[in-house]
Amino acid sequence: MRLVFWTFLFGLGLMAVNTNAQGQQSTDQRFKLLEKRLEDLEQKQKGESKALLDELADLKSRSSIPELTPQSFMGMGQAASKVYFAKNPLSLGGYGELVYVDPRGGSANTTDNYRLVPYLSYRFSDKIIFNSEIEFEHVSEVAVEFSYLDFLLFPEFGVRVGHVLVPVGLTNLKHEPVYFASVLRPEIETKLIPSTWHDNGVLVFGQVADFRYQAGVVNSLKSTAAGMSSSSWVRGARQWGSGSAAESEDLAFVSRLDWLARPGFELGGSFYTGKTAQSQTTIGSPRVQIWELHSEWEGHGFELEALYAQGSLSDADKVSVASDVIGSKVSGYYLTAGYDWLNGRFKDKRLVSFARYSEYDLHKEVPSGFDKDRSLDKEIWTLGLNYLPHPQVVVKGDFEFRKTAKGQEDDKLALGVGFVF
């Protein structure tokens, strides 16, 4: 009987030990399973956190430095137009140029850190926008090329107040290096139209259907015998100082109309007129008038542009001297044709060869009693090549064959790089 009793107790003990072992084993397995699930959850959270941080960093980058879009506002370049389309109210941009020029004659070859130009702009609201461009030219020269407020009252009508670009010609509104084919800006648009041309003023602007317009009053040029010259006409009459204490006794009227006939094709013209004596009383009442017609077309890899300009200066005899006769009438035109040999084959890369024919005369007419300088009647053939490894970066080279009505002039080789952002 005792044996049976002790055998029964021993069996109960074995059962208890076995049950306890199984329970312990089950607890260990559950603990390990929970531990693994926690590790998996932690890894997942780390991955999600990294993705969120990467997305946040990307958003910060995009919001702080808006990307350049292929959009233009009122005919300006894309960098100057950035603030009108960016999501972030603060916009930063700019462009730069470095050039090498070999006159192929007696003059010395030169290299020039030509321009470094930052844009700083701010959108207060969808209706009020500040836009500015500050130029560092030849390293040491500094100028505010524009600094204005736009009041976008309606899609068809806005008002611009401040230091503005004078809306004349093709290059003055789009003067970043990716927008003109040659290394240097077209000569007619620097000597006959004095680009880059900017002054204090008030403009109204807008677009109605396919027509884009600008018109207003700006500070006029200032005629001086020292400022104007036979070789660059009224270019020296621009009142430098970026609008600082500029004389405003005489104002000028300017207007521009562009027809956006179809995507890739524009046709337009502009007109400028203003007396230029300012506070001077000994030079008569000289008036500068400039008008021009222009067109641009691109498609199927081809690029064409043309411009004709004519200007006049009344009382030119009052600002002329025997050694430097200022033309009373000037005129000129150029035609540029280019072809992109890549034509979209390698994403955004472009390889554009071009030819330009220019002809202008800064002594088309001279004041009575003065003689014409036939060397100011020029004819220029420019052949060149542009490579754009990115739409915002260009490497350029061109060669100019030059002659005048007086005879041959030194040909010119030019190389350059430029960028816009």
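Charged neighbours of R256, selected by a Cβ distance under 10 Å, balance to -1 (K, R count +1; D, E count -1). Between Y308 and T273, the contour length at 0.36 nm per residue exceeds the Cα-Cα span by 10.9 nm.
With K and R counted +1 and D and E -1, the other residues having a Cβ less than 12 Å from that of T111 yield a net charge of -3. In segment 180-228, inverting the average of 1/r over every pair of distinct C-alpha atoms gives 13.8 Å as the Kirkwood radius.
Each Lys or Arg adds one and each Asp or Glu takes one away; over the other residues whose Cβ falls under 13 Å from the Cβ of L149, this sums to +2. Taken over segment 328-395, the convex hull of the Cα atoms encloses 92 Å³ per residue. Taking label points 7 Å from Cα along the Cα-to-Cβ direction, Y339 and T110 give a separation of 3.5 nm. Greater than 32 Å separation of Cα atoms is the criterion. Which listed pairs, K82/K347; K82/K275; K87/K174; K191/K347; K318/K412, meet it? The answer is K82/K275; K191/K347; K318/K412. Taken over the Cα atoms of the chain, the convex hull encloses 229 Å³ per residue. Quotient of the Cα radius of gyration of segment 111-251 and 2.2 N^0.38 Å, N being its number of residues: 1.10. Note on segment 184-326: Cα-Cα pairs beyond 20 Å make up 52% of the total pair count. Just name one of V101, V159, N219: the one whose Cα is farthest towards the positive end of the charge dipole of the chain (beta-carbon charges, Lys/Arg +1, Asp/Glu -1). Of the candidates, V159 comes out farthest on the positive side.
A Förster radius of 25 Å combined with the Cβ-Cβ distance from W297 to V144 puts the calculated FRET efficiency at roughly 0.15. Normalised by the number of residues in the chain, the average gap of Cα pairs under 8 Å and 6 or more apart makes the relative contact order 12 percent. Normalised by the number of residues in segment 294-421, the mean separation of alpha-carbon contacts (under 8 Å, six or more apart) gives a relative contact order of 18 percent.
Taken together, the values in this text are just the output of simple stated rules run on the coordinates, not laboratory data. What you see is a predicted model, and the numbers here were worked out from it, not measured in a lab. All Cβ positions, even for glycine, are placed from backbone atoms using ideal geometry, and neighbour counts span all protein chains on display.
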